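Some notes on the structure that comes next.
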C-alpha cells in the first residue's frame, strides 16, 4: 500500500511539471482587474440608507471604521492568466482590507501553477465568485435581494401599506438597482474559460447566470488538464481526493454545489434558528394552502393565506440577512487571520502558492 | 373663424405624444397563436378545444386563423390608418382573434383612443408583450402552463395530461420564426390600447399630458404661452381621464398618470379585469381569477426569492412547489371558466358588429363617435 502511494507520488512529481510546461501560454498574457463602479462602498451605502448603524447591524458587525468610500466590494477580472496573476490578485485583496467580497471572472488561459495559487487565495480569503457567461452581465449585490412586496391587508389584490416591505432595505435597494450596473465586457471575449473555472470553483459561494455558456466558453481540448482541474477543485472543496472513477469528475463545471461543504456547514450552524423558522413557515403556508384548496379556493379561503405568506417572506429575509452576515464575518476574519496588522505580501504569496502547488500535486496523483 | 382655426391647430398639436421611435404601427400574426398550433394543447383534437371553450363544434376556427396578434412600433397619425389595420386583422380572423400583444412606446393619442375603442368594442384581451432572449414570449391567453415539477412521488399526477399537451405544444412551436421585439413595454398612447382590454396583463408606463414642441424629444411647446399650455393640457388630461375611467384600469392608474411629469414615465400595474367584469366572472365561476393569479405570482416569487443563490444556503421549498403545482392545476379549471365566458362574449360582439363581414367604414364611424363623445366630456 505504502509502496503504491510512493509510486503514485513519484509519478505525480513527474507528471505535473510535464503538464505545466506543456500548457499553452499566449504571447501577451496578463490579468486585468477592474473595480465594478456600482460596488464601491460609497454607492453600496445607499442600500443601507447611508446609515453606518444600519450597515453594521445588517452584517452583525461591531462598530469599526467604515470601509473606504472608494473601496470596491467586487472586481471584474478579465484578460489572460499570466505568471504574475496570483501576485496581482493578492495585491488587490490586500488593498481591499477585507472588504473585497466578490470576483466577477471573465478571463481565460492556462497556467496550472497560477490557477492553483489563485484558487487557494480565493478560498483562504473567503471570496465569492461569479462566472461571466455572456456579453451582457450586471453587478448584483451579493448580500441582499429584492423581495416581492408583502400582500396587503385587503388580500392578494391589495398593495401592502408603505413600509410593509418584507425587507427594511427593499426601498433603498430598489433605488440602487436603478443605477447603471452593467459590467464593461469585451463583446468578443467575455467568457470564463480554462483556468478561470478553477478560480471560480474556489469561491466561498459560486454563482453563474442561467445562460448556457458552453457555446461561448472555449475550453482547452486537453482532457488531461481538464481532469486535473476537476480533481483539484474536488480536493479544494473536500480536503481529500475523489475516487478515480467518481462520476463527479466527468460532470460539467457548473454542476458543483453553489457552496463548498465546509462553508455550507458554517452557514447552517450560524443561522440554525432562522433556518428552522423559515422551514416551519414553508410547511405552514403549504398546509394552509391545502386547506384553502379543500374549500375550492373561495376568495375567503385564499385570503386566509395572507398572514402566513407574509410571515414566510419576513422569515426568508431574516434568514438571508443572517447568511449575509455569516459570510461577511467569515471573510473579515479570514483577512484578519492572514493580515493581522500588516500584510507581508511576499510571505503570503509564498505560503498560498505553496498550498496551491501541494494540492495540485496531490491532484496529479490520481 | 379665427377660433375654429385655433381649435384645429390646437387639436393638431395636442395629438402629438412624444415618443422616441419613428416607425409606424405594425400588426403581425403571432405564429404560435395559429389555431393549428393551439390544437396541440388539446391532444391535437379541435373538438376538445370546442369543449374547453364551450364552443359549437360545427363552427370551429380555421387552423390558420390567429388567436393573437402583435402590435409594434409607433401609434401613428390618422393617415397611417392604424385603426383600419386593426379592424382588418379582426375581420381576417373572423372574430377568432382574442388577444393583442403590445410592444410600443406610444404615439398619437387620438389614434390610441380609436384603437382602444375598437379593442373594447370587440371584447379583446390585451397584454404588454414580454421578451425572452430578445424575442416575443407568447403564452396562450386561456392556458395556465404547468408549474415546474414538484418532487417525484412516483404517482401519476392529476395534471399529467396537461403537462404532456403543453410539452407537445412547445415542441410544435420550435421550428417557428421568432418575433424579435425591438422595444419591450407599453408606454404613453400604447396604454390607451392596453387599458381597453377586457382581460389585461402586464404594466403600462404612463405620464401626464404632453404637447409636442417643434423639436424631437420636446415634451412641451414653448412657442405657446404658459396659460394657453395649461388650458390645453388640462383639457387633454380630462379627455384621457374620461377614457381611463371608462376602461377602468385600476385604483392606482389615474393617480399615477396625473402624478408623472411629462418628461418621464412611471410603470403602473393594470388590474386584470375592469371591476364589474371581475364581479361578473367571480359570480359566474365562483372563484376570483385575479386573486388566484396573484396568489400564483406570490408563491412563485417567494420560491425564487427563498432560493436566491448568493447567500449560499437555502431551505427546501418542496412543499411550496407542490402547492404551486396544485394551484396551477386548480387555476386551469378556473381560467377555463373565465376564458369560456370571454369567448362567448367576444363571439357575440363579433356577430353583432360584423353580421355579414365587417363594414369597416361603418365601424370606424362608430369608433369615431365614441372618440367625439369623449372629447365632449372634456369640454
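No lab work stands behind these numbers, since they all come straight from the coordinates. Keep in mind that what you see is a predicted model, and the values were worked out from it rather than measured. So basically every Cβ, Gly included, is an ideal-geometry build from the backbone, and we count neighbours across all protein chains shown.
Taking Cα centroids, how far is the stretch A:162-209 from the stretch A:294-366 in Å?
Answer, in whole Å: 15.
According to a simple spin-label model (label point 7 Å from Cα along Cα-to-Cβ), what is the distance in nm between residue A:158 and residue B:28?
4.4
Between residue A:304 and residue B:345, what FRET efficiency comes out of the Förster formula 1/(1 + (r/R0)^6) with R0 = 35 Å and r the beta carbon distance, rounded to 0.05?
Efficiency at R0 = 35 Å is approximately 0.65.
Where does helix A:272-294 land angle-wise versus the long Cα axis of chain A, in degrees 0 to 90, nearest 10?
Helix A:272-294 and the main axis of chain A meet at about 50 degrees.
Can you tell me the 0 to 90 degree angle between the C-alpha axis of helix B:318-353 and the longest principal axis of chain B, rounded to 10?
Relative to chain B, helix B:318-353 is tipped by roughly 50 degrees.
Answer rounded, prolate or oblate for the stretch B:87-142, using the Cα gyration tensor with square roots of eigenvalues a ≥ b ≥ c: rounded when a/c is under 1.5, else prolate when a/b is larger than b/c, else oblate.
Oblate, since a/c reaches 1.5 and b/c is not below a/b.
For the stretch B:64-137 and the stretch B:310-379, compute the distance between their C-alpha centroids and round to whole Å.
When both Cα centres are located, 14 Å separates them.
Tell me the angle of helix B:275-285 to the major Cα principal axis of chain B, expressed in degrees between 0 and 90 and rounded to the nearest ten.
So the inclination is approximately 20 degrees.
Taking the highest mean first, how do the peptides A:256-263, B:185-192 order by number of other beta carbon atoms within 10 angstrom per residue?
Packing proxy ranking, top to bottom: B:185-192, A:256-263.
Note down the Stokes-Einstein diffusion coefficient of the protein assembly as shown in µm²/s, whole number, using a Kirkwood radius over alpha carbon pairs, 4 °C, and 1.567 mPa s.
Reported coefficient: 44 µm²/s.
What is the average number of partner chain Cβ atoms found within 10 Å of a Cβ in A:137-146?
Per residue, the number of nearby Cβ atoms from other chains is 2 on average.
If R₀ is 25 angstrom, what is the calculated FRET efficiency for the pair residue A:291 and residue B:164, using the beta carbon separation as r and rounding to 0.05?
According to the calculation, E is roughly 0.25.
What is the stretch A:252-366 by shape, rounded, prolate or oblate, if you read a ≥ b ≥ c off the alpha carbon gyration tensor as root eigenvalues and call it rounded for a/c under 1.5, prolate for a/b larger than b/c, and oblate otherwise?
prolate
Per residue of chain B, what 222 nm ellipticity follows from adding -39500 (n - 2.57) for every DSSP H run with n ≥ 4, rounded to the nearest 500?
The helix contribution divided over chain B gives -15000 deg cm²/dmol.
For peptide B:298-309, how many partner chain Cβ atoms fall within 10 Å of a residue's Cβ, on average?
6
Want the number for residue B:135 to residue B:54: 0.36 nm per residue separation, take away the alpha-carbon distance, what's left?
25.9 nm
What area, in nm² and to one decimal, does the C-alpha convex hull of chain B cast on average over all directions?
It is 21.6 nm².
Averaged over peptide A:319-326, how many Cβ atoms belonging to another chain are found within 10 Å of each residue's Cβ?
Counting other chains' Cβ atoms within 10 Å and averaging over A:319-326 gives 3.
Each label point is 7 Å from the Cα along the Cα-to-Cβ direction; what then is the distance between the points at residue A:250 and residue B:220, in nm?
Those two pseudo-labels are separated by 7.0 nm.
Using a/c under 1.5 as the rounded threshold, could you call the stretch B:233-273 rounded, prolate or oblate? The axes a ≥ b ≥ c are square roots of the C-alpha gyration tensor eigenvalues, and prolate needs a/b larger than b/c, oblate otherwise.
Because a/c hits 1.5 or more and a/b fails to exceed b/c, the stretch B:233-273 counts as oblate.
Given the stretch B:294-378 reduced to its alpha-carbon atoms as identical point scatterers, what log10 I(q)/I(0) does the Debye formula return at q = 0.10, 0.23 Å⁻¹?
The computed values of log10 I(q)/I(0) come out as -0.58, -1.08.
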